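Visitor: Okay, here's the structure, questions in a sec.
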Amino acid sequence: MKALIQRVKRASVTINNELYSSISHGILLFLGVEKNDEKENAEKLAQKISALRIFEDENEKMNLSVKDVQGEILVVSQFTLCGDCKKGTRPSFDNAASPEKAVELYEYFIKCLSGFNIPVKSGKFRAMMNIELINDGPVTFLLEK
């Protein structure tokens, strides 16, 4: 399971020219689910992200979590995070989970994150989405579990 997280001032998902969901200050999280991922991966990743100290304190040090700053998280399914670009010029998606497995773990991951009392919103699985964001920093991390 891979998560690309970006600290944002705001982020939104638009589908068919209509606002689907949005957050203010917090994290935009792109989630890729791989073949071998299980619920345990989702649980560990959610716990890690909920506690990850990527927000600045009064001394401009990254010492605060999204929960500490009363931020929100916007989770967007991102199949292409599972792409392998090591060979050739066309990504291979052999390691990506099937859509059936991926949606189950995507929804479970959102449930796990919500369990940490963090406001969580999401995109729509398998939809063509337009994502807008104001990256804060920029601060971006890739996490794998």
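The values are calculated or read from the model by the stated rules, or taken from the named source; none is laboratory data. Computed from a predicted structure; not experimentally measured. Here the Cβ positions follow ideal geometry from the backbone for every residue, glycine too, while neighbour counts run over all protein chains shown. For the accessible areas, the whole protein counts, side chains as well, though only heavy atoms, and no ligand, DNA or RNA atoms are used. Shrake-Rupley method; radii C 1.70, N 1.55, O 1.52, S 1.80 Å.
Visitor: Of all residues in the range 105-145, how many are part of a strand (DSSP E or B) and in contact with a helix residue (DSSP H, G or I) (Cβ under 7 Å, 6 or more places away or on another chain)?
Guide: The number of residues fulfilling the criteria is 3.
Here's the yes/no breakdown for (1) more than 20 Å from Arg7 (Cα to Cα); (2) in a strand (DSSP E or B); (3) among the aromatic types (Phe, Trp, Tyr); (4) in contact (Cβ under 8 Å) with a residue 40 or more places away in the chain:
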| residue | (1), (2), (3), (4) |
| --- | --- |
| Asp37 | yes, no, no, yes |
| Asn41 | yes, no, no, yes |
| Glu60 | no, no, no, no |
| Val66 | no, no, no, yes |
| Val103 | yes, no, no, no |
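Visitor: I'd like the full set of residues that are open to solvent by less than 70 Å² (accessible area, probe 1.4 Å) and acidic (Asp, Glu), limited to the range 60-79.
Guide: Glu72
Visitor: Sticking with this structure for a sec: Would you point out which residue out of Leu28, Leu19, Leu4, Leu74 is over 16 Å from the mean Cα position of the chain (by Cα) and in a strand (DSSP E or B)?
Guide: Every option except Leu19 fails the conditions.
Visitor: Go through Glu144, Glu104 for me and flag whichever is within 14 Å of the chain's Cα centre (by Cα), open to solvent by 50 Å² or more (accessible area, probe 1.4 Å) and either modelled with pLDDT of 95 or more or not β-branched (Val, Ile, Thr) (or both).
Guide: Glu144
Visitor: Just one of the numbered conditions (1) assigned to a helix (DSSP H, G or I); (2) among the polar types (S, T, N, Q); (3) more than 23 Å from Ser22 (Cβ to Cβ) is not true of Ser50; which one?
Guide: With respect to (1) assigned to a helix (DSSP H, G or I); (2) among the polar types (S, T, N, Q); (3) more than 23 Å from Ser22 (Cβ to Cβ), Ser50 is out only on (3).
Visitor: Could you tell me whether the range 80-100 includes any residue that is β-branched (Val, Ile, Thr), touching a residue at least 40 places away in the same chain (Cβ under 8 Å) and crowded, with 21+ Cβ neighbours inside 10 Å?
Guide: No - not one qualifying residue is present in the range 80-100.
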